[in-house]
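*Asks:* Quick one: structure below, then a few questions.
The values are calculated or read from the model by the stated rules, or taken from the named source; none is laboratory data. Since the model is a prediction, treat every value here as computed from it, not as a measurement. Please note: Cβ atoms are built from the backbone with ideal geometry, for glycine as well, and neighbour counts cover all protein chains shown.
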Amino acid sequence: MAFNIPDTNQKRVVIAGGGFGGLTLARKLAHRDFQVVLLDKNNYHQFQPLFYQVAMAGLEPSSIVFPLRKVFQKSKNIHVRMAHLQSVEHNSRTILTDIGPLRYDYLVLATGADTNWYGNERIRANAIPMKSVSEALFLRNLLFEDYEKAVASEGFDQRQPLLDIVIVGGGPTGVEVAGALAEMKKHIIPKDYPDINLDEIDIHLFHGEKKLLNTMSEEASAKAERFLIELGVKLHLEKLITDYDGKTATVADGSTILTDKVIWAAGVIGNRVDGLPDTVWTRANRLKVDAFNMAEGLDGIFAVGDLAFQTEEKFPNGHPQVAQVAMQQGALLAQNLKNLRDQKPMKAFRYKDLGSMATIGRHRAVVDLPFWKFQGAFAWFVWMFVHLFSILGAKNKIFVFFNWVWNYLTYDQSLRLVIKPWKR
Ligand SMILES: Cc1cc2nc3c(=O)[nH]c(=O)nc-3n(C[C@H](O)[C@H](O)[C@H](O)COP(=O)(O)OP(=O)(O)OC[C@H]3O[C@@H](n4cnc5c(N)ncnc54)[C@H](O)[C@@H]3O)c2cc1C
């Protein structure tokens, strides 16, 4: 296999990763005087903030992913390839991938981050991550398979591990999953599985820190905690899960919980790329870049988004790994690549924090804007509005909107299906 990209006299920009950062950059370079190759191991862009709704049967996977080729149907200078970046040969300005090598003038690494298992191989082998739409779908299948098994099991001892769920990590993902599971217990299980005794279902949320959502305000953390307690989630703050063998989750204090499902949302680690010197990598596999997103000491190589480690006066430990940072970096880098090619000065990146938010359940969300913090029903509508308008594609927006209205009016989610991939 080969890339089959013609050589032209345009500068070739290779973008590895079609997530928030890479896709924004490619869109800004469309119809510009560059030859752009956008490669991704998937042929689609994923909207990660709504993975948990796919896992909870609230949305179809197809509503939160978008085919990369469709974005660039009318952009002749953008070549999309489904390819897995394996390594970079900096001296020859070439990348190696599973479909062959490719020369670049500028390489932008936008491969994002993956689940951080903190070196615990047993947890990695048994817990469920939430970093791709396939993983979200896996959780949906397991969740409903376990409810089916629970109604068909003979005693409490058999049922308990099928019904109890452990979530690890009290950041936005963990909090949103816990809230959604609690709502499912309240509104769906009694209708679909009337034989299940709701008191037998325990949803545990473990968080190593003192407060939930620790990158958000005190008010947001306190309110999120109250909302989850109101919904019946068992909160375990300043407690870590140290082991999980697929049946028993072990807490740092030695106590255990029998469960078929540990959902791991406890942190991310950069998708490191081979071939670059060790000195460019820092904590959690982030690639050190300067104010122009250029990799330190590696001429022509850039990184944006979750993978990039860039400091600013206000962010001495790097930027938060959120979509806005990736998109703002991608947008500025498009301008800076043009300046670099035209031998003009580049502009230093400054992150404009537009705020952060998390939803815990119906009429329960927390929003921190730079000058205003609010929680509750209004925050929930704001959360929905912002997410709806951030999803790529008009059809996806309409489908998600329709699903949300339907779920809101009926207290129901219509996708409680166990559909497993077919294996030959
Ligand atoms: C469950 C969840 C919920 C989140 N919720 C929010 C939220 O509400 N708000 C918010 O701002 N942020 C949220 N985030 C974080 C946000 O999604 C990330 O900060 C953002 O996606 C980073 O963008 P990126 O472009 O750096 O990487 P990504 O968007 O992760 O894109 C990386 C791309 O690179 C591809 N890739 C990876 N490795 C390779 C390789 N070797 N070869 C080829 N392609 C590769 C991947 O397929 C992917 O398409 C959430 C994340 C998760 C997991």
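*Asks:* Do you know which residues across the range 149-163 are in contact with a helix residue (DSSP H, G or I) (Cβ under 8 Å, 6 or more places away or on another chain) and crowded, with 18+ Cβ neighbours inside 10 Å?
*Replies:* Ala150, Arg159, Gln160, Leu162, Leu163
*Asks:* Only strands (runs of 3 or more DSSP E) wholly contained in the range 53-166 count here; list those with 3 or more residues that are aliphatic (A, V, I, L, M) and either modelled with pLDDT of 95 or more or within 10 Å of the ligand (Cβ to nearest atom) (or both).
*Replies:* Here the list reads 78-82, 106-109.
*Asks:* Out of Lys191, Lys131, report the one residue that is basic (Lys, Arg) and farther than 30 Å from Leu29 by Cβ. Outline the logic, then answer.
*Replies:* Values: Lys131 fails: farther than 30 Å from Leu29 by Cβ.
Lys191 is the lone residue from the list that is basic (Lys, Arg) and farther than 30 Å from Leu29 by Cβ.
*Asks:* Residue by residue through the range 210-265, note down the ones that are in a loop (DSSP other than H, G, I, E, B), at pLDDT 95 or above and either of a type in the set (S, T, N, Q) or surrounded by 22 or more Cβ atoms within 10 Å (Cβ to Cβ) (or both).
*Replies:* Hits for the range 210-265 are Leu212, Leu213, Met216, Ser217, Val233, Ser255, Thr259, Ala265.
*Asks:* Note down all Cβ pairs under 7 Å where the first residue falls in the range 312-335 and is assigned by TED's automatic domain parsing to the domain that holds Gly19 and more than 10 Å from the ligand (Cβ to nearest atom), the second is of a type in the set (Val, Ile, Thr) and modelled with pLDDT of 95 or more, and they're at least six residues apart or on different chains.
*Replies:* Note: pairs meeting the criteria are Gly318/Thr311; Ala331/Thr24; Leu333/Val108; Leu333/Val304.
*Asks:* While we're looking at this one, here's another question. Which of the residues spanning the range 375-405 are away from the ligand (no atom under 16 Å from the Cβ), under 23 Å from Gln46 (Cβ atoms) and among the aromatic types (Phe, Trp, Tyr)?
*Replies:* Once the filter is applied, which keeps residues that are away from the ligand (no atom under 16 Å from the Cβ), under 23 Å from Gln46 (Cβ atoms) and among the aromatic types (Phe, Trp, Tyr), the range 375-405 yields Phe399, Phe401, Phe402.
*Asks:* Quick test of your reading of the structure: Asp274 fulfils all but one of (1) crowded, with 22+ Cβ neighbours inside 10 Å; (2) within 16 Å of the ligand (Cβ to nearest atom); (3) within 30 Å of Phe138 (Cα to Cα). Name the failing condition by number.
*Replies:* Against the list (1) crowded, with 22+ Cβ neighbours inside 10 Å; (2) within 16 Å of the ligand (Cβ to nearest atom); (3) within 30 Å of Phe138 (Cα to Cα), Asp274 comes up short only on (1).
*Asks:* Still on this model: What number of residues in the range 336-375 are surrounded by fewer than 16 Cβ atoms within 10 Å (Cβ to Cβ), without any contact (Cβ under 8 Å) to a residue 24 or more places away in the chain and either assigned to a strand (DSSP E or B) or not small (Gly, Ala, Ser) (or both)?
*Replies:* Summing the residues that are surrounded by fewer than 16 Cβ atoms within 10 Å (Cβ to Cβ), without any contact (Cβ under 8 Å) to a residue 24 or more places away in the chain and either assigned to a strand (DSSP E or B) or not small (Gly, Ala, Ser) (or both) in the range 336-375 gives 10.
*Asks:* Could I ask something else about it? Looking at (1) among the basic types (Lys, Arg); (2) in a strand (DSSP E or B); (3) farther than 14 Å from Gly112 by Cα, which is the one condition that is false for Lys288?
*Replies:* (3)
*Asks:* Okay, moving on. Out of all the residues in the range 305-323, is one or more among the polar types (S, T, N, Q) and not in a loop (DSSP other than H, G, I, E, B)?
*Replies:* no
*Asks:* Test Lys395 against the criterion of being without any contact (Cβ under 8 Å) to a residue 40 or more places away in the chain and charged (D, E, K, R), and give yes or no. Can you show your working first?
*Replies:* Numbers: without any contact (Cβ under 8 Å) to a residue 40 or more places away in the chain: yes; charged (D, E, K, R): yes.
Against the criterion (without any contact (Cβ under 8 Å) to a residue 40 or more places away in the chain and charged (D, E, K, R)), Lys395 qualifies.
*Asks:* For the range 173-188, indicate whether the set of residues that are touching a Phe, Trp or Tyr at 6+ places or on another chain (Cβ under 7 Å) and surrounded by fewer than 20 Cβ atoms within 10 Å (Cβ to Cβ) is non-empty.
*Replies:* yes
*Asks:* Can you confirm whether Asn293 is buried (at least 18 other Cβ atoms within 10 Å of the Cβ), over 18 Å from the mean Cα position of the chain (by Cα) and at positive phi?
*Replies:* Criteria met by Asn293.
*Asks:* Which count do you get for residues in the range 287-306 that are farther than 15 Å from Ile95 by Cβ and modelled with pLDDT of 95 or more?
*Replies:* Selection size over the range 287-306: 10.
Rundown of residues vs (1) free of Cβ contacts under 8 Å to residues at least 12 places away in the same chain; (2) of a type in the set (S, T, N, Q); (3) over 19 Å from Lys261 (Cβ atoms), yes/no style:
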{"residue": "Met82", "(1), (2), (3)": "no, no, yes"}
{"residue": "Gln86", "(1), (2), (3)": "no, yes, yes"}
{"residue": "Glu89", "(1), (2), (3)": "no, no, yes"}
{"residue": "Arg93", "(1), (2), (3)": "no, no, yes"}
{"residue": "Thr97", "(1), (2), (3)": "no, yes, yes"}
{"residue": "Gly100", "(1), (2), (3)": "no, no, yes"}
{"residue": "Tyr106", "(1), (2), (3)": "no, no, yes"}
{"residue": "Tyr118", "(1), (2), (3)": "no, no, yes"}
{"residue": "Ile123", "(1), (2), (3)": "no, no, no"}
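*Asks:* Here's something else I'd like to know. Would you mention how many residues in the range 88-111 are at positive phi and either touching a strand residue (DSSP E or B) at 6+ places or on another chain (Cβ under 8 Å) or of a type in the set (S, T, N, Q) (or both)?
*Replies:* Number of matching residues: 1.
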